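Accompanying notes for the structure given below.
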Amino acid sequence: MDRKLGYLFERFPAFTQTFCAREVAELYRQGTAPPVYSIRRPTGPRPSNIPLENIPVHYLPETNSLEFKIRTKLIPSRLKHLWSGSGDLRDKGRFREAAYLGPRLQKARISHLHIHFAGLASRTAWWIKRLFGVTYSFTGHANDIFCPKPDQRVGLSDLVQEASFVVVVSDFGANWLRRNFPESATKVHRIYNGLDLSLFKPAAPGGGPVRLLSVGRLIEKKGFRFLIESCRLLRSTGFHFVCQIVGEGPERHRLDELIRDYQLSGMVQLTGPLPQT
């Protein structure tokens, strides 16, 4: 039987994960058309300017729904034994998701899953492989590989060991995994998140101030505080610039205060989330 690819996400599509939407859309454009499964339904706005309208997404029922409870109650005893034999009740939701999704993957003749992030969906895929033999791979990004949650039944080492291959979006991340999991080093590959540069038309150089642009969630690990502090230093040299920070998040109030404290309101702007137009 030919190997058939499927994609599994924790939540798809997600406004802050446009790289996932672009990847799936490009596969469909090229005619691959992998079935897409999502454990949770999207919340908030969808990524804009990415053709997702004709991409069907198969959503799992809510874990407290009657359908999910009934179907996971019907798990064969041989599969229940695999869970009870682990001696650990943590991550039981991932086991139940795997037990629900596995037969549907088999019916769709899917033999391999790819997942973004070494998180919830990858742990579900780990159980799917153990229960049903469907292989998986995943793309590691940042905190999912550098700061994995310590209290999971299935940890990062398990995910890397059992994966057919691992994609990482930076050389730093790929080298970090190779150092920490040397037995799996040969299956770790760095592939950057791609962009279709033909969609962008550079503007003609103008005579105004230099424009700085940064896009991301307003959370501490993104380092926007350091960008604003750098803008303060840049202004002190007399350099003319404007800086726009596009995104939303829990750090917004703190960053607003920093902009006011540094008297950068005319130079640094928090725009909030914006569509890709």
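Rule-based calculations on the coordinates, nothing more; no lab input. Computed from a predicted model, the values in this text were never measured in an experiment. As a convention, Cβ positions derive from the backbone with ideal geometry for all residues, glycine included, and neighbour counts pool all protein chains shown.
Averaged over residues, the count of other Cβ atoms within 10 Å places the peptides 7-16, 238-247 in the sequence 7-16, 238-247, highest first. If R0 is 25 Å, the Cβ-Cβ spacing of Gln244 and Asn143 corresponds to a FRET efficiency of close to 0.50. Modelled this way, with points 7 Å down the Cα-to-C-beta line, the labels at Gln106 and Tyr28 are 2.9 nm from one another. Rounded to the nearest 10 degrees, the angle from helix 252-261 to the longest Cα principal axis of the chain is 20 degrees.
The phi-based Karplus calculation (6.51 cos²θ - 1.76 cosθ + 1.60; θ = phi - 60°) puts the 3J(HN,Hα) values of the stretch 118-123 at 8, x, 4, 5, 5, 5 Hz, whole numbers, x for Gly and Pro. Checking the cross-link filter: which aspartates and glutamates have an alpha carbon closer than 13 Å to that of Lys187, excluding same-chain neighbours under 8 positions apart? List returned: Glu162. Taking 0.36 nm per residue of separation and subtracting the current Cα-Cα distance, fully stretching the chain between Gln161 and Arg232 would add 21.0 nm. If I build a Gaussian network model for the chain, linking alpha-carbon pairs within less than 10 angstrom, which residue out of Glu183, Glu53, Glu23 has the largest mean-square fluctuation? Fluctuation is largest for Glu53.
Evaluated over the Cα positions of the chain, the convex hull gives a direction-averaged projected area, one quarter of its surface, of 18.4 nm². Computed extension length for Leu213-Glu53: 54.7 nm, one decimal, from 0.36 nm per residue of separation with the Cα-Cα distance subtracted.
Look at the dipole of the chain built from charges on Cβ: of Trp126, Gln30, Thr43, the Cα furthest out on the positive end belongs to Trp126. Dipole check for the chain: with +1 at the C-beta of Lys and Arg, -1 at the C-beta of Asp and Glu, and the Cα centre as origin, the magnitude is about 780 Debye. Taking the alpha-carbon centroid of each part, what is the distance from the stretch 212-277 to the stretch 125-162 in angstrom? When both Cα centres are located, 35 Å separates them.
A Cβ-based charge dipole, computed about the Cα centre of the stretch 202-272 with Lys and Arg at +1 and Asp and Glu at -1, lands at about 120 debye.
Taking 0.36 nm per residue of sequence separation and removing the Cα-Cα distance, the Phe172/Lys201 pair yields an extension gain of 7.4 nm.
Comparing Lys201, Lys221, Lys187 in a Gaussian network model of the chain, where Cα atoms under 10 Å apart are tied by springs, the biggest mean-square fluctuation is seen for Lys201.
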